[in-house]
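The values are calculated or read from the model by the stated rules, or taken from the named source; none is laboratory data. All figures in this text were calculated on a predicted structure; none of them were measured in a lab. We place every Cβ from the backbone using ideal geometry, glycine too, and count neighbours over all the protein chains shown.
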Amino acid sequence: MGKTIAEKIIQAHLVAGEMTVGSEIALRIDQTLTQDATGTMAYLEFESMGIPRVKTELSVAYVDHNTLQCGFENADDHRYLQTVAAKYGVQFSRPGNGICHQVHLERFGKPGKTLIGSDSHTPTAGGLGMLAFGAGGMDVAVAMGGGAYYITMPRQYRVNLTGELRPHVTAKDVSLELLRRLSVKGGVGVLVEWGGPGVKTLSVPERATITNMGAELGATTSIFPSDENTQAFLAAQGRVQDYTPLAADDDAQYDRVIEIDLSKLEPLVACPHSPDNVVPVGSLKGVKVDQVCIGSCTNSSLQDMKKVAAILRGKTVAPHVSLSISPGSRQVLNMLAESGELNDILLSGARLLECACGPCIGMGFSPPSGGVSLRTFNRNFHGRSGTRDGQVYLVSPETAALSAITGYITDPQGLELPPQRTMPAYFHVDDSALLPPPDEAEARDVEVLRGPNIKEFPTCAPLGDTLTAEVVLTVGDNITTDHIMPAGAKILPYRSNIPYLSRFCFEVCDPTFPERAAAAGTGIIVGGENYGQGSSREHAALVPMYLGVRCVLAKSFARIHAANLINAGILPLTFADAADGDAVKQGSRLTINNIAEGLAKGSLTVTDETSGRQFTVCCDFTERQQRILACGGLLNYTKEGGV
């Protein structure tokens, strides 16, 4: 039987396990990336391991999230990241050089290689034919130290593309169409592989938009073939030597095949407050727009920006609309300036933001109270924009630019301009903002600089055989990591200070949670379906652990968050009967006995001391995960010699 693209890469990197769906596999990791919102903690974790230098082929530390320097905190983190990168053999991408996923695609991504990053949108590199995973910072730290990356072998879906996109229908619309069909939890436990004759009509940046948005499906990762389009992109970046052809065998087997005819798609929009709340743009005709934001790791490529410039050329943004533009990298910005297209954008009345994540992570440019904001981003979770009642819609760059001019949500299919889909023969390459590390001898003399906001990594006590604790919070379905540990300009500067950060835990759901959890001493959280979806930020596990949470009971978990909970020493348990989850009340006192025995057999009995009820929870953990939990988390496990 033939192999899929993913199976070929997995087989070449398999350290332990077998490629059987549902079983644990360990992969050798070629490359890692971190960004500053999660990277500071990842490097603190790496330092605690006592390893003198990273052991990957390539590791890159990017600064792209916390670039707003209102105080010393972010600047201190940047200085720490630059010095720790030099000390341990990591490339450093300076603030302003660009968004990690865009820059990695341009300068480092290689077909057939493995990549993990402390950001959930790391699968963007799948547009180049990489097997790329979002992960918690601790998993990235272990990989930098030469350790394997452990995942459950996913099911594989094949999305067959036929036809070709019509004018002003985009790769973003392809992503939204799949979200409309599958939902934000439809990709959990799934690796999405894209194929079919329609693939050849898509450029690498368009493919990267699609693999980027795969994270919103809850997918383990997404991947495209590496073909002549990949070769052309790498050649234009001056990296043709990094090209390797890669395709699935004709007789490869998939768990599900999904057909999408590109020629039948229309412009789509995800309505508040979920990426799968998708409708045709035309159905929202006449909705007044207050703000438009164009950029993010989803839609900030040169190709995207050229489309925007063509639409804005000679036009003026509507008087009641505020438009921001965030090019994805310094390369994109330089080429827009060289071509004169940046001038077209600025003369329209757009505000140019730096090459960074910016509004997507809630770092500035929040909409007005109750305002409608069209964004070319990947997430529109409640409150993520920084405005609690902001109404955020996810759209393509074409829809965003045209709507900024008209002042209302407008279907771009009426545009007379031809679509701007041609790739340049070459990209302007200037890697001066990428700082390579000194050699190992020089690195010994590098001093790692830590500011006063950088606190020690919190640790968790080993898990005992009995847990009795109060249910300190109950929440519903699709709780995101933004609910658990919010982002935004007021909070992000404290990502390296867990004690301070803990004040904001679950602020969106219940502002009293931090105080109540700390007072309880030991706590349990009860959640619904798809608990922990969204960002890979391990702070959504570390902060509850710091506040005494030792167990989360939910109907189902998002993959990365479940792994982060285990890494933090927190038990992620699922209800055997979903109705039991609805019956547990906040304030109840629960007891779980014989934990070690229950983990080994895959189920535990929970007693609700308040009501006298008993119910069963499932715990399908590998032996390694059981040992990690017994040690009180991955850091303790690694220090004790675990592999």
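Summary table below
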| quantity | calculated |
| --- | --- |
| Every pair of residues 6+ apart whose Cβ atoms lie under 8 Å, when the first sits in the range 315-329 and is outside the structural domain of S369 (by TED's automatic domain parsing) and β-branched (V, I, T) while the second is outside any strand (DSSP E or B) and surrounded by fewer than 20 Cβ atoms within 10 Å (Cβ to Cβ) | none |
| All positions within the range 446-462 that are of a type outside the set (F, W, Y) and at pLDDT below 95 | R450, G451, P452, N453, I454, K455, E456, P458, T459, C460, A461, P462 |
| The range 340-354: number of residues that are of a type in the set (G, A, S) and either in contact with a helix residue (DSSP H, G or I) (Cβ under 6 Å, 6 or more places away or on another chain) or in a helix (DSSP H, G or I) (or both) | 1 |
| Verdict on G581 being in a helix (DSSP H, G or I), in contact with a Cys (Cβ under 7 Å, 6 or more places away or on another chain), not aliphatic (A, V, I, L, M) and not assigned by TED's automatic domain parsing to the domain that holds I151 | no |
| Top-ranked residue in the range 463-485 [being under 30 Å from A37 (Cβ atoms) and touching a helix residue (DSSP H, G or I) at 6+ places or on another chain (Cβ under 6 Å); ranked as modelled with the lowest pLDDT] | L463 |
| G39, sole failed condition from (1) modelled with pLDDT under 95; (2) over 17 Å from L435 (Cα atoms) | (2) |
| Candidate set from the range 64-98 (those that are touching a strand residue (DSSP E or B) at 6+ places or on another chain (Cβ under 7 Å) and buried (at least 24 other Cβ atoms within 10 Å of the Cβ)); member that is modelled with the lowest pLDDT | H65 |
| The range 30-53 - residue that is touching a strand residue (DSSP E or B) at 6+ places or on another chain (Cβ under 8 Å) and aliphatic (A, V, I, L, M) and, of those, nearest to A489 (Cα to Cα) | A42 |
| Among residues of the range 572-593, those that are closer than 29 Å to V21 by Cα and out of contact with any helix residue (DSSP H, G or I) (no Cβ under 8 Å at 6 or more places or on another chain), counted | 8 |
| Filter result for G129 (outside the structural domain of L542 (by TED's automatic domain parsing), on the phi > 0 side of the Ramachandran plot and out of contact with any Asp or Glu (no Cβ under 6 Å at 6 or more places or on another chain)) | yes |
| Matching residues, the range 437-456, being within 30 Å of I498 (Cβ to Cβ) and touching a residue at least 60 places away in the same chain (Cβ under 8 Å) | P437, A443, V446, E447, V448, L449, R450, G451, P452, N453, I454, E456 |
| The listed residue being crowded, with 24+ Cβ neighbours inside 10 Å, among the polar types (S, T, N, Q) and either in a loop (DSSP other than H, G, I, E, B) or not assigned by TED's automatic domain parsing to the domain that holds A487 (or both), out of S300, S369 | S300 |
| Scan of the range 579-607 for residues that are of a type outside the set (G, A, S) and farther than 15 Å from G464 by Cβ, ordered by number | D580, D582, V584, K585, Q586, R589, K601, T605, V606, T607 |
| Any hit, the range 13-32, residues being within 27 Å of F621 (Cα to Cα), in the same structural domain as G145 (by TED's automatic domain parsing), touching a residue at least 60 places away in the same chain (Cβ under 8 Å) and part of a helix (DSSP H, G or I) | yes |
| Which listed residue is modelled with pLDDT of 95 or more, among the basic types (K, R) and in the same structural domain as I311 (by TED's automatic domain parsing), from R388, R379, R375, R384 | R375 |
| Filter result for T605 (at pLDDT 95 or above and either farther than 22 Å from Y531 by Cβ or surrounded by fewer than 16 Cβ atoms within 10 Å (Cβ to Cβ) (or both)) | yes |
| Matching residues in the range 548-564 - criterion: being buried (at least 23 other Cβ atoms within 10 Å of the Cβ) and closer than 16 Å to V471 by Cβ | V549, R550, C551, V552, L553, A554 |
| Residues within the range 99-158 that are in a loop (DSSP other than H, G, I, E, B) and of a type in the set (A, V, I, L, M, F, W, C), tallied | 6 |
| Pairs, first within 17 Å of R181 (Cα to Cα) in the range 247-266, second of a type in the set (K, R) and at pLDDT 95 or above, C-beta under 8 Å, six or more apart | D255/R155; R256/R155; R256/R158; V257/R158; I258/R158; I258/R181 |
| The range 568-587, residues that are surrounded by 19 or more Cβ atoms within 10 Å (Cβ to Cβ), more than 21 Å from N530 (Cβ to Cβ) and either acidic (D, E) or more than 32 Å from the chain's Cα centre (by Cα) (or both) | none |
| Residues that are touching a strand residue (DSSP E or B) at 6+ places or on another chain (Cβ under 8 Å) and crowded, with 24+ Cβ neighbours inside 10 Å, drawn from the range 282-297 | V289, Q291, V292, C293, I294, G295, S296 |
| Top-ranked residue in the range 589-610 [being assigned to a helix (DSSP H, G or I) and not β-branched (V, I, T); ranked as farthest from the chain's Cα centre (by Cα)] | E597 |
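To keep it simple, each residue is scored yes or no on (1) surrounded by fewer than 19 Cβ atoms within 10 Å (Cβ to Cβ); (2) in contact with a strand residue (DSSP E or B) (Cβ under 9 Å, 6 or more places away or on another chain).
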| site | (1), (2) |
| --- | --- |
| A171 | no, no |
| L176 | no, yes |
| G195 | no, yes |
| T201 | yes, yes |
| G214 | no, yes |
| A236 | yes, no |
| D251 | yes, yes |
